[in-house]
Amino acid sequence: MAADPIHQFQITKLFTLGHIGGQEIAFTNSSAYMFLAVAVISVLMIGGTARRQLVPGRAQSMAELSYEFVASMIKSTAGSEGMKFFPLVFSLFMFIAVSNLVGIIPFAFTVSSHLIVTVTLALLVFFIVLVYGLYKNGLRFFKLFVPSGVPVFVMPIVVPIEVISFLLKPISHSVRLFANMLAGHIALKVFAGFVAMLGVSLGAIGWIGGVLPLALTVALTALELLVAFLQAYVFAILTCIYLNDAIHPGH
Amino acid sequence: MDPVAAKYIGAGIACIGMGGAGAGVGIIFGNYLAAAVRNPSAAQGQFGNLIFGFAVTEALGIFSLLIALLLLFAL
């Protein structure tokens with residue numbers, strides 16, 4: 001294949017920040033796009049709330065909509081007690097949504113298409129759930145692993161399953177986001193590659209026939225736009241569900 | 001067997017898993033639609049559950065696609 005579809009995920013060093021223990025700490029294109037995402041969110045939220053009016057303008061209603069969206073999501077899944085985690089869930093949602101959406105722009109880098117980024121976010125949620133659950137409920141937190149209404153003689157089977165599924169949560173949480181973004185971007189690149197392959201191998205007829213994969217690429221981009229938003233939503237709602245476990249343990 | 005051929009066969013086999021995810025997503029949306037036609041007023045409240053179920057199911061298909069892509073390009 002002429003254009004390697006994996007190449008778009010390459011991390012390149014922009015400049016070196018320093019060395020820690022012999023390891024180079026570099027400012028990469030990934031870091032640059034993270035800063036870009038944070039800058040976009042800051043401009044949206046600070047700009048939207050700078051001149052508050054009773055009848056919101058365009059920027060203000062964007063800011064209010066995103067607030068309302070996340071707030072209703074937390075209230076419906078984790079109850080009103082979950083609202084103390086609003087800053088966490090809102091930051092996660094906005095960061096993932098904006099970095100996914102920025103990644104769709106051609107030639108842009110997708111931060112969330114790297115497993116290390118999504119694992120970091122998922123482990124953050126995992127440890128917050130663990131620490132807050134133990135802090136708030138003490139040992140009653142472990143009722144999470146003992147579903148109520150289950151006969152005692154199946155407990156030896158159910159409890160290990162619950163423990164394993166709890167420990168696997170950060171894996172599925174992170175790999176879902178990472179794999180969705182990776183697969184989507186590779187699919188886009190592969191279909192875009194078909195246009196060039198047809199044109200190069202078949203000449204004029206190929207370039208005309210290349211309209212079909214090109215149309216498919218456009219359709220896939222539209223789908224990716226949906227997926228980018230949806231995966232941010234799913235990541236945030238799963239965070240809410242896991243936090244609900246910490247706030248109200250026991251099934 | 002030629003290792004490269006085995007790699008491509010493996011990628012093809014890995015994609016079979018996506019069929020299950022396809023069936024699962026179809027069941028989710030089909031049942032949601034059936035329920036929404038019966039009781040349109042309750043449909044709005046279950047949209048979050050729909051998206052959640054869709055994402056959880058779709059992720060499994062994506063996992064198998066990921067294995068295929070890793071076999072094709074990364075290994």
For A:Met181, work out the one condition from (1) closer than 20 Å to A:Leu223 by Cβ; (2) in contact with a Phe, Trp or Tyr (Cβ under 6 Å, 6 or more places away or on another chain); (3) of a type in the set (A, V, I, L, M) it doesn't fulfil.
(2)
Please state which one of A:Val102, A:Val43 is touching a residue at least 40 places away in the same chain (Cβ under 8 Å) and part of a helix (DSSP H, G or I).
A:Val102
Among (1) surrounded by 13 or more Cβ atoms within 10 Å (Cβ to Cβ); (2) within 13 Å of chain A (Cβ to nearest Cβ); (3) of a type in the set (A, V, I, L, M), B:Ala74 falls short only on (1)
Among A:Met45, A:Met62, A:Met73, A:Met34, the single one that is under 21 Å from A:Ser91 (Cα atoms), surrounded by 12 or more Cβ atoms within 10 Å (Cβ to Cβ), within 14 Å of another protein chain (Cβ to nearest Cβ) and modelled with pLDDT of 85 or more is A:Met73
Matching entry among B:Ala43, B:Ala21, B:Ala36, B:Ala14 (being more than 10 Å from chain A (Cβ to nearest Cβ), touching a Leu at 6+ places or on another chain (Cβ under 7 Å), of a type in the set (A, V, I, L, M) and closer than 25 Å to A:Ile237 by Cβ)
B:Ala21
Unmet criterion (only one of (1) within 14 Å of chain B (Cβ to nearest Cβ); (2) in a strand (DSSP E or B)) for A:Leu17
(1)
Somewhere in segment B:56-66, is a residue of a type in the set (S, T, N, Q), within 21 Å of A:Leu177 (Cβ to Cβ), in a helix (DSSP H, G or I) and within 10 Å of chain A (Cβ to nearest Cβ)?
yes
Take the conditions closer than 30 Å to A:Val131 by Cβ, touching a Lys or Arg at 6+ places or on another chain (Cβ under 8 Å), of a type in the set (A, V, I, L, M) and in contact (Cβ under 8 Å) with a residue 24 or more places away in the chain and apply them to A:Ile247. Does it pass?
yes
Which is modelled with pLDDT under 85 and among the small types (Gly, Ala, Ser), of B:Ala74, B:Ala5?
B:Ala74
Give me a count of the residues in segment A:202-219 that are free of Cβ contacts under 8 Å to residues at least 24 places away in the same chain, in a helix (DSSP H, G or I) and not aliphatic (A, V, I, L, M).
4
Count of segment A:139-153 residues which are out of contact with any Asp or Glu (no Cβ under 6 Å at 6 or more places or on another chain) and either among the charged types (D, E, K, R) or surrounded by 10 or more Cβ atoms within 10 Å (Cβ to Cβ) (or both)
7
Just wondering, is there one or more residues in segment A:116-138 that are surrounded by 14 or more Cβ atoms within 10 Å (Cβ to Cβ), modelled with pLDDT under 90 and more than 22 Å from A:His248 (Cα to Cα)?
no
In segment B:26-51, residues that are under 30 Å from A:Pro5 (Cβ atoms) and surrounded by 17 or more Cβ atoms within 10 Å (Cβ to Cβ) total 1
Going through segment A:168-182 in order, the residues found to be under 16 Å from A:Phe95 (Cα atoms) and more than 10 Å from chain B (Cβ to nearest Cβ) are A:Ser174
Filter segment A:195-240 down to the residues that are more than 14 Å from chain B (Cβ to nearest Cβ) and within 19 Å of A:Phe93 (Cα to Cα) and list them by number.
A:Leu225
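The values are calculated or read from the model by the stated rules, or taken from the named source; none is laboratory data. In this text the structure is predicted, and so the values were computed from the model without any measurement. As a convention, Cβ positions derive from the backbone with ideal geometry for all residues, glycine included, and neighbour counts pool all protein chains shown.
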